[in-house]
Amino acid sequence: MSKDGLHESSVGYIFCVKCGKKLALEILKKDTEIREGFLFCVRCNLHFPIIDKIPIIWDDFTNYLSNRPRLGGILYTKAVTPKLKHYIKKSLGAIAKNHTDISLVEKRWSSIYEKNKKSPFYGMIKKSLDSISNSGTALEHGCSIGIITQHLSESHSLVFGIDKSYHAIEIAKKSDSENLDYFVADSISSPFGKAKFDSVVGLNLFEIIEPKILLESLSRQVKKGGFLVLSDPYDFERGEKSVKEPLYEESIRDKLVQLGLSISKETKKPAFLSWNLKLHKRATLQYKVDLIIGKKR
């Protein structure tokens, strides 16, 4: 496998997010790794571009760029082959005007996470994962720059990380682990079809993805006897930007039990892990994060 490009062997693990059919691969540029190309569904005719070694597995690429037009321009300059440049240009041209551009926000947060990757919070999460990890497969949702995904690769045979942010995945892909790969993808429209994993991780996602939908989706991906590891500070005070149906400590645990998971003895009671994110010299975000570990019955 290559150091930081798309692992060609990973293609066999991803499926069309619309119909679930296994994807075919068209390579446009390759040296020791796949740098440009398309993953595509012969049934739906959906194409998922691979740009500068990063696959974007989104059901509508134009929709993905619609609130990231600045990123679209960056991706166009990164593209080398005429076919990929044409695809990106056509998608950018179809974007409706007056959309909010979150490209710079995603880039800024990727930088913040990178500067905070040695936070004691991640050390506590890693320690908890070490108590349950095995040699099987693992998937992290909302993996950002890959701090925890990279750690999972040290104890699992095969690990994937997905995140909506291209900028975050760009940093994560610098990892040199041969059993680890990343994709730009949506947790609710998972590119892994009906695949199940020994460990599924989703940290601090409840305020950006509807908790009930997220729990139902992630629980289906856990093998019997496997583990689902979740954390969140329950920061739902975001007005219109927050979720419609928040879930908190007890309701999260009740929902997991309904979905066929048993809560570990260590996380039956709500946790209050400190997570301090330094934004810049004069500002720090301070959270108290709940950690929940469930085992699939």
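No value in this document is a laboratory result; all are computed from the given coordinates. None of these values were measured; they are calculated from a predicted model. Every residue, glycine among them, receives a Cβ derived from its backbone with ideal geometry; neighbour counts consider all protein chains shown.
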**OP:** Sum -39500 (n - 2.57) across every DSSP H segment of at least 4 residues in the chain, then divide by the residue count to get the 222 nm mean residue ellipticity, nearest 500.
**Re:** -8000 deg cm²/dmol
Original post:
Counting pairs of alpha carbon atoms under 8 Å apart in space and at least six apart in sequence, what relative contact order in percent does the stretch 189-249 give?
Top reply: 44
Original post:
So which residue, out of Leu152, Leu273, Leu180, gets the largest mean-square fluctuation from a GNM of the chain using Cα contacts under 10 Å as springs?
Top reply: Leu273
Original post:
Taking the Cα centre of the stretch 107-296 as origin and charging only Cβ (+1 Lys, Arg; -1 Asp, Glu), how large is the dipole, in debye to the nearest 20?
Top reply: 280
Subject >> GluC sites (Glu not before Pro) within the stretch 191-261, DSSP loop, no more than 10 other Cβ atoms inside 10 Å >> reply: Glu237
Original post:
So how far apart, in nm, are the two label points at Lys126 and Phe236 if each is 7 Å from Cα heading toward Cβ?
Top reply: 3.3
**OP:** Could you check which residue among Gly202, Gly225, Gly142 shows the biggest mean-square fluctuation in a GNM of the chain with a 10 Å Cα cutoff?
**Re:** Gly225
Subject >> Selection from Ile169, Ile293, Asn116 lying farthest towards where the dipole of the chain points positive, charges on Cβ >> reply: Ile169
Original post:
Can you give the convex hull volume per residue for the Cα atoms of the chain, as a whole number of Å³?
Top reply: 134
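Which whole-number percent is the relative contact order of the stretch 107-296 (Cα, under 8 Å, 6+ apart)? Don't skip to the answer; put the middle values down first.
Values: 362 pairs, mean separation 36.5, N = 190.
So the answer I get is 19 percent.
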Original post:
Once both axes come from the Cα atoms, what is the angle between helix 120-130 and the longest principal axis of the chain, in degrees from 0 to 90, rounded to 10?
Top reply: 80
Subject >> Residue pairs, from the table Lys90/Lys244; Lys117/Lys268; Lys83/Lys196; Lys127/Lys196, whose Cα atoms sit over 30 Å apart >> reply: Lys90/Lys244; Lys83/Lys196
Original post:
With each pseudo-label sitting 7 Å past Cα toward Cβ, what's the Lys90-Asp176 distance in nm, one decimal?
Top reply: 4.0
Original post:
Roughly how many Å is it from the Cα centre of the stretch 56-85 to that of the stretch 127-186, as a whole number?
Top reply: 23
Original post:
In the Gaussian network model of the chain, springs joining C-alpha atoms below 10 Å, which of Ser189, Ser251, Ser144 carries the largest mean-square fluctuation?
Top reply: Ser251
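Between Glu216 and Ala283, how high is the FRET efficiency from 1/(1 + (r/R0)^6) when r is the Cβ-Cβ distance and R₀ = 35 Å? Nearest 0.05.
FRET efficiency, Glu216 to Ala283: 0.45.
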Subject >> Nearest-20 debye value, the stretch 205-297 charge dipole, Cβ charges on Lys, Arg, Asp, Glu >> reply: 480
**OP:** Tell me the label-point distance for the pair Lys18, Arg108, using the 7 Å Cα-to-Cβ offset, in nm and rounded to one decimal.
**Re:** 3.5
**OP:** Normalising by the residue count of the stretch 8-100, find the relative contact order in percent from Cα pairs under 8 Å and 6+ residues apart.
**Re:** 20
Subject >> Three-way shape call for the stretch 8-100 based on the alpha-carbon gyration tensor, with the a/c threshold at 1.5 >> reply: oblate
**OP:** Treating the angle as unsigned and between 0 and 90°, give the value, to the nearest 10°, between the Cα long axis of helix 82-93 and the longest Cα principal axis of the chain.
**Re:** 70
**OP:** Give me the angle, in degrees from 0 to 90, between the Cα long axis of helix 103-115 and the longest principal axis of the Cα atoms of the chain, rounded to the nearest 10.
**Re:** 50
**OP:** Would you list which aspartates and glutamates come within 13 Å of Lys296, measuring only between C-alpha atoms, while excluding same-chain residues fewer than 8 positions from it?
**Re:** Asp198, Glu216
